[in-house]
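Take a look at the structure set out below.
Any read-out appearing in this document is the output of simple, stated calculations on the displayed coordinates, not a laboratory observation. Small disclaimer: the values here were computed from a predicted structure and weren't measured. All Cβ positions, even for glycine, are placed from backbone atoms using ideal geometry, and neighbour counts span all protein chains on display.
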Amino acid sequence: MLKIIVFKHLSFDDDSVIASWAARQGHELQVLVPSDFVEYPAQAAFDMLVILGGPMSVYEEEQHPWLIAEKRFVRQSVDEGKPVLGICLGAQMLSEVLGGKVYRGEQKEIGWHTVRRTEEKHPIFDALPSSFVSFQWHGDTFTLPEGARRLAYSDACANQAFSYGDSVLALQFHLETTPSCIGTMLDEWKSELVEAPYIQPAGEILSQKERSEASSAMLTDILDRLAAVHETRKQELR
């Protein structure tokens, strides 16, 4: 059994795909809100970390001072060799704490967009097809940290995924998003649905919400492989 921490930055973000996976595998899952923390968990208290998305930017420390402590904790988790998965904001946070740069992208990417894999191989990512459609909602992007491997890209965003070592994976796209969460995002953030090359209208987004099922399957495979990294390391230490 793994002890897994999920960082959640948005009240209506849906962690149900991750929670269902953890329950099926017999893992213990704890969902935490970094902006509410008084004290972070000890590194010895968990085995794996998942960092979800959020509407803030990782460089907005003045508006969100709790980001400073969260980034420090994420870096410690990487240094401890924990399996870490960062999604959207989480991916950008991994880029920054590992030495990359996060900045406003030239184009916002909202809706269902094609993601293509690079020629790079990585065990955690290798079961994903050479191209697939995933949900996107981001305006920021990031550079690759030194030592990272670029795993995927899209027409709007050169860096959609990277790995760092054998246990850290950053995904700009949202494999975890459910139809209900998408509906709430479209309602809460409808002002962002302006006419632009990589922003789809609400109707087009909703018409493709069944794609979430395939996304969930891909995320489940990634989580299985991250969990296997921990199990392998535990066996090696025995």
- Degrees, to the nearest 10: 212-237 long Cα axis against longest axis of the chain: 20 degrees
- For residue 121, counting only lysines whose alpha-carbon sits under 22 Å away and dropping same-chain residues fewer than eight positions off, the answer is 82
- Query: Helix 66-79: angle to the longest alpha-carbon principal axis of the chain, degrees 0 to 90, nearest 10?
  - Reply: 50 degrees
- Query: Quick one: which of 199-208, 155-164 comes out on top by average Cβ neighbours within 10 Å, and what's the full order, highest first?
  - Reply: 155-164, 199-208
- Note on the structure: Cross-link reach from residue 108 to lysines, straight Cα distance under 20 Å and at least 8 residues apart if same chain, gives 190, 209
- Message: Can you classify segment 117-238 as rounded, prolate or oblate using the Cα gyration tensor, where a ≥ b ≥ c are the square roots of its eigenvalues, rounded means a/c under 1.5, and otherwise it's prolate if a/b beats b/c and oblate if not?
- Response: prolate
- Query: When we measure straight from the Cα of residue 8, which aspartates and glutamates land under 19 angstrom away, once same-chain ones fewer than 8 places off are left out?
  - Reply: 28, 36, 39, 47, 60, 61, 70, 96, 140, 176, 188
- Message: For Cα extents along the principal axes in Å, pick the label among (i) 56, 40, 34; (ii) 55, 53, 39; (iii) 53, 37, 32 that corresponds to the value derived from the coordinates.
- Response: (i)
- Task: Using a cut-off of 13 Å between beta-carbons, work out the net charge of the residues near residue 205 (Lys and Arg +1, Asp and Glu -1, residue 205 not included).
- Result: -2
- Query: In debye, nearest 20: dipole of segment 145-236 around its Cα centre with unit charges on the Cβ of K, R (+) and D, E (-)?
  - Reply: 240 debye
- Task: Would you work out the charge dipole size for segment 11-120 about its Cα centre, treating the Cβ of every Lys and Arg as +1 and the Cβ of every Asp and Glu as -1, and quote it to the nearest 20 debye?
- Result: 280 debye
- What does the convex hull of the Cα atoms come to per residue for segment 162-218, in Å³? 108 Å³
- Query: Against the longest principal axis of the chain, how steep is helix 16-25, in degrees 0 to 90 to the nearest 10, with axes from Cα atoms?
  - Reply: 30 degrees
- Kindly provide the helix-only [θ] at 222 nm of the chain, computed as the sum of -39,500 (n - 2.57) over DSSP H runs of four or more divided by all residues, to the nearest 500 deg cm²/dmol? -9500 deg cm²/dmol
- Just add up the charged neighbours of residue 214: K/R +1, D/E -1, any other residue whose Cβ is under 13 Å from the Cβ of residue 214. -2
- Centre separation in Å (Cα based) which lies between segment 188-238 and segment 37-66: 19 Å
- Item | Alpha-carbon Rg with Dmax, taken over segment 1-86, Å | 12.9, 40
- Task: Of the options 46, 95, 152, report the single residue whose Cα projects farthest towards the positive end of the charge dipole of segment 23-180 (beta-carbon charges: Lys, Arg +1; Asp, Glu -1).
- Result: 152
